[in-house]
1. Looking only at region 81-92, filter to residues that are assigned to a helix (DSSP H, G or I) and not aromatic (Phe, Trp, Tyr); which one of those is surrounded by the most Cβ atoms within 10 Å (Cβ to Cβ)?
2. Taking the stated definitions as given, is Glu107 farther than 22 Å from Phe10 by Cβ and acidic (Asp, Glu)?
3. Just one of (1) surrounded by 19 or more Cβ atoms within 10 Å (Cβ to Cβ); (2) under 16 Å from the mean Cα position of the chain (by Cα); (3) not polar (S, T, N, Q) trips up Val116, so point out which.
4. Give the residue, chosen from Ala201, Ala122, Ala180, that is at negative phi, surrounded by 12 or more Cβ atoms within 10 Å (Cβ to Cβ) and either under 16 Å from the mean Cα position of the chain (by Cα) or among the basic types (Lys, Arg) (or both).
5. Please work out which residue is nearest to Gly177 (Cα to Cα), limiting yourself to region 129-163 and to residues that are out of contact with any Gly (no Cβ under 9 Å at 6 or more places or on another chain) and among the polar types (S, T, N, Q).
6. Taking Ile134 as the residue in question, decide whether it is out of contact with any strand residue (DSSP E or B) (no Cβ under 7 Å at 6 or more places or on another chain), farther than 27 Å from Ile199 by Cβ and modelled with pLDDT under 90.
7. Going by the conditions given, is Asn144 surrounded by 12 or more Cβ atoms within 10 Å (Cβ to Cβ) and assigned to a helix (DSSP H, G or I)?
8. Keeping to region 104-130, report how many residues are in a helix (DSSP H, G or I), over 16 Å from Phe84 (Cα atoms) and hydrophobic (A, V, I, L, M, F, W, C).
Amino acid sequence: MSDELYEKTFTKSIIRYGRFTNLLSLVLCFLPSILVWVVYGVKPSTQDILTGWGLAASVYAIYAIVEPISYFPILGLPGTYMSFLSGNIGNVRLPTSAVTQEAVGVEPGTKKAEIVSTLGIAGSIVTNLIIVTIAAVGGAALMNIFPKKVLEAFAYVSPAIFGAMFGMFAVKNIKYGIFAFILAMSLLNIIKIPVYIMIPACVFGTVAFGFLTYKKPKTKEQA
């Protein structure tokens, strides 16, 4: 399939429906609060709303910029729309996309990888919906059954997932993996900058390092 045909038959419709569904979800996020206000007359003051928003924005605003940029090369265009609509990006959608592409053997960033990523993320959303539904029904009972040590171990699930993903990509290019690791450890333990600054610094720092040290493979004619 040519790039022009791909853009016309696949990408354009993805952008159209992706924008619509994500903007719709943005509006629907306010629906519960509006219903509580209209039905029960419960409404915090404007100052309280702005204060709460300011506290949340001070922590998470940077992620609204960093995550779409840093996740896009792996998720692809459709996967980005789907992931930010369904949530659980870092601990479910991103690993699913990466593992699916690895299993199929496609080159990240290509059209094939984008399609494979889309299918993998779609499968994870359906599976996640089923599991969440079951967990919502029986989750409380299970939590009462699990030993305390098991419940404490849940705190390490996300770090374990991101660590595994880092290892999976680092072994593909040891040089970039070592640089990213040293940069992250230096910023975290020596300079001790906040995590919300360290993440974009590591992302863009490693990208810059890769750009500056990349050597284009020689062709047979050049050799």
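1. Ser83
2. No: the conditions fail for Glu107.
3. Answer for Val116: the failing condition is (2).
4. Matching residue, one of Ala201, Ala122, Ala180: Ala122.
5. It comes out as Thr133.
6. The answer is yes for Ile134.
7. Taking the combined requirement at face value, the residue does not satisfy it.
8. 5
The values are calculated or read from the model by the stated rules, or taken from the named source; none is laboratory data. The structure presented is a predicted model; accordingly, all values stated were derived computationally and were not measured. Positions of Cβ are backbone-derived with ideal geometry, glycine not excepted, and every protein chain shown enters the neighbour counts.
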